[in-house]
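The values are calculated or read from the model by the stated rules, or taken from the named source; none is laboratory data. Since the model is a prediction, treat every value here as computed from it, not as a measurement. Counting neighbours? That spans all protein chains shown, and the Cβs are built from the backbone with ideal geometry, glycine included. Only protein heavy atoms, including side chains, enter the accessible area calculation; ligands, DNA and RNA are left aside. Shrake-Rupley method; radii C 1.70, N 1.55, O 1.52, S 1.80 Å.
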Amino acid sequence: MAITVLVVEDDKNIAELLQMYLEKEGYAVVWAADGGQGVTKFRAIKPDLVLLDLMLPVMDGWAVCRAIRAESQVPIIMLTAKGETGDKVSGLKSGADDYITKPFEMKEVLARIEAVLRRTGSVVEKKSNRLVLDKLIIDMDAFELIVDGKKVDAPPKEMELLFHLASSPNRVYTRNQLLDEVWGFDYFGDSRTVDVHIKRLREKLEGVSDQWSLKTVWGVGYKFEVVNG
């Protein structure tokens, strides 16, 4: 059974980004847009971990943390744009287990979540970092792309983009979603970067299999299409 994470965050863009990354890693995610919702949803779903923004409407993060701590020892990681030592100390005194300052790297968030879950004895369930499809192997641990039995050179971002698309077969992603989820929300490059990487991947994958393909969804973006997927 997947670990459930409650994300209490009033910034919709950050919340959606956290949800996409965490679900990709095998977590179940529930979002609350303010502190009041956070406490209500916490009591309803009893999550395994809480990602809690500090500056929230209705109830701030400190108040939410105290309310949760009054009835549970569930791990809590606070997220905030404030980096002052006093805020960190206040958060930890309220009962938080860890503290991450915005802007943050998703790899840091994932590492902190895993560390806190290990400390509290929870089992972290994650998706495999290796995908095997017809005549295609994407191995993110070894950063190897095997096409029709042969190793094909591919830069890290091409690998990450292909793995991201193939991990959710037949799901359509916009260019901006791919920039957020593969390059990171703090990437300010041109969305044509995605087009260039797709073009290079197609050159390496075109015609290899009739079971899958990289498809353009005109006016929207791209998907990794799998037959009967």
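Semi-axes of the equivalent ellipsoid of the chain are 37, 18, 15 Å, computed as sqrt(5λ) over the eigenvalues of the C-alpha gyration tensor in descending order. Over 22 Å apart: what share of the alpha carbon pairs of region 145-229 falls there, rounded to a whole percent? The proportion of pairs with Cα distances above 22 Å equals 21 percent. Note on region 1-59: Cα-Cα pairs beyond 18 Å make up 26% of the total pair count.
Under a model in which nothing but the beta-carbon of Lys, Arg (+1) and Asp, Glu (-1) is charged, the chain shows a dipole of about 260 debye around its Cα centre. Cross-link pairs exceeding 32 Å between alpha carbons, from the set Lys12/Lys150; Lys41/Lys102; Lys24/Lys215; Lys24/Lys46; Lys102/Lys151: Lys12/Lys150; Lys102/Lys151.
Net charge of the neighbourhood of Val196, taken over other residues with C-beta under 15 Å away and scored Lys/Arg +1, Asp/Glu -1, is +2. Taking all protein chains together and rolling a 1.4 Å probe, Asp97 ends up with roughly 60 Å² accessible. Distance between the C-alpha centres of region 130-181 and region 208-226: 12 Å, rounded to the whole angstrom.
Put simply, when 26-36, 62-72 are sorted by average Cβ atoms within 10 angstrom per residue, most first, you get 26-36, 62-72. A cut-off of 5 Å between modelled amide H atoms, ignoring neighbours fewer than 5 places along the same chain, links Leu133 with Ile138. Looking at the chain, the DSSP beta bridges with both ends there are about 55 percent antiparallel. Each peptide among 164-176, 47-59 gets the average number of other Cβ atoms lying within 10 Å of its residues, and from highest to lowest they stand as 47-59, 164-176.
Each label was represented as a point 7 Å from its Cα along the Cα-to-Cβ direction; for Ser213 and Phe104 these points are 4.2 nm apart. In this structure, Glu71 and Asn13 have a Cβ-Cβ separation that, at R0 = 30 Å, corresponds to a calculated FRET efficiency of about 0.45. Legend: residues Leu178, Leu110, sorted from most to least accessible area (1.4 Å probe; ligands, DNA and RNA excluded), read Leu110, Leu178.
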